[in-house]
Structures are given as structure tokens and as C-alpha cells.
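A quick write-up on the structure given underneath.
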Amino acid sequence: METELRELEALLVYIIKHNTEHAEEINALAQKAASLCRDDVSIDLIRGVEKMKESNADLLKALESLRGKG
């Protein structure tokens, strides 16, 4: 069981980092869309980034709980 908990912790750490990197990439796409006068696309991308940040906050809470800090 301890091994599985460590694996879960490692996966959560990876996913949080991975999501953060993707959010940064999507934010850059939003800026690009805005520079191409596609504010409609930019707004949707920014909304997606915000949802990713909310998701990461929940994943971080889960990680903290797993580590006994929540």
C-alpha cells in the first residue's frame, strides 16, 4: 500500500507540473490569437487556462491531503 501511495503522490506531482506547462502554452496561444485579431478565440483559450488553474488547485489540495498536510 505504501508503494501505491508513493506512486499516487508522484503522479499528482507530475500532473500538476504538466498542467501548469500546458496552461502556459495555451496562454501563449491566446496571446497569439489576440494579436491575429481573434479575440473570440483568445477569450475561449483564456477561459480554458483558468479552468486548468482551478483543476490544479484541486489536485494540489489532493496532494497536500495525501501528504498529511490537508
Here FRET efficiency (C-beta to C-beta, R6 to A28, R₀ 30 Å, nearest 0.05) is 0.35
Label model pair S65, D40: point-to-point distance (7 angstrom along the Cα→beta-carbon line) in nm is 4.0 nm
The helix 39-66 Cα axis meets the longest alpha-carbon principal axis of the chain at an angle in degrees, between 0 and 90 and rounded to 10, of 10 degrees
Those trypsin sites (Lys or Arg not before Pro) from the chain that are DSSP loop and have at most 12 other Cβ neighbours within 10 Å turn out to be R67, K69
The helix 2-35 Cα axis meets the longest alpha-carbon principal axis of the chain at an angle in degrees, between 0 and 90 and rounded to 10, of 10 degrees
With the 8 Å Cα cutoff and a minimum separation of six or more residues, the chain has a relative contact order in percent of 38 percent
For the chain, the Cα convex hull volume per residue in Å³ comes to 62 Å³
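The numbers here are math on the coordinates, done by the rules we state, and not lab data. Computed from a prediction, not measured in an experiment: that's the story for all the values here. Backbone-built Cβ (ideal geometry, glycine too); neighbour counts: all protein chains shown.
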